[in-house]
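The structure appears below as structure tokens.
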Amino acid sequence: MNPNTVKHTRRDFLRTAICAAPALALWPGESVEALAAPTIRPSVDLDFIKTQLPLKRRAEWTHIEPRPGRLARARVDRYDRITIHHEGCGVNTHTDEQRVMRNLDGILGWHIRRDFGDIGYHFAIDYAGRVWECRSLGYWGAHVYGHNERNIGVVLLGNFERQRPSDAQMETMEHLVHVLRHHYRVRRGRIYGHVDLGPTLCPGRYLYPNVQKLNRMA
């Protein structure tokens, strides 16, 4: 063992997990459909969302391209679960689009610096209830260690250990999950909070009960 390696306890991990740091898309034992780096970012038709919800496409908030060599191409017809997260780092009640864009840009930059290849989540929901496209659904996400394949990642901006989600966020989350669930035929019982799949506090005590409610819905 490297003598400079710091040994972390489970409590340390839970404490740091409040910031909802996602896991890398490629882990030992987690199969992928393709490892070759595509030359063109896959485009996925999101009209099934845009006709029902206020959706901001990725190109509207960033010109930073993903790093395909660090990503796993997805079989879009194979998504069969949805996991809800919170941003988790601080109280966030931003409703101004420019503030939200800077917020998303910060998350993207942090994930890129950690060699995730792109922002880890597929969608974000801001305090005003807008949906923002993040990672293309053409790639598996990078938001739950060991459970990224076939798993759509949705993050709500804010820290729901410290604040309550807005009514607009809750309404949009429920609507988005409903739309995704029916489009991809996600079965009952396949809507998760991050805490259901790993040792973390995400998506926070003020949001998780609503996720459990969604999971029980037909």
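Below, the figures for the structure above:
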{"item": "Paramagnetic reach from Arg188 in segment 148-181 [backbone N under 16 Å; point 7 Å along Cα→Cβ]", "result": "178, 181"}
{"item": "Cα pair count fraction exceeding 23 Å, expressed as % - segment 92-218", "result": "27"}
{"item": "Gain in span if fully extended, Ala59 to Arg113, counting 0.36 nm per residue against the direct Cα distance", "result": "17.4 nm"}
{"item": "Whole-number Å³ per residue for the convex hull built on Cα positions in segment 48-116", "result": "142"}
{"item": "Cβ-derived FRET efficiency at R0 25 Å, Glu97 paired with Arg216, nearest 0.05", "result": "0.15"}
{"item": "Contour excess over end-to-end distance, with Cα ends at Val179 and Arg164 and 0.36 nm allotted per residue", "result": "3.1 nm"}
{"item": "Packing-based ranking, highest mean first, of 138-150, 169-181 given that Cβ atoms within 10 Å are counted", "result": "138-150, 169-181"}
{"item": "Estimated distance in nm for a label pair at Arg75 and Val44, the labels positioned 7 Å out from Cα along Cα-to-Cβ", "result": "1.5"}
{"item": "Residue order, fewest to most surrounding Cβ atoms within 10 angstrom, among Cys202, Cys134, Cys89", "result": "Cys89, Cys134, Cys202"}
{"item": "Alpha-carbon spread of segment 48-165, three principal axes, descending order, Å", "result": "34, 33, 29"}
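Values quoted throughout were computed directly from the atomic coordinates according to the rules given, and no laboratory measurement underlies them. Keep in mind that this is a model prediction, so the values were computed, not measured. As a convention, Cβ positions derive from the backbone with ideal geometry for all residues, glycine included, and neighbour counts pool all protein chains shown.
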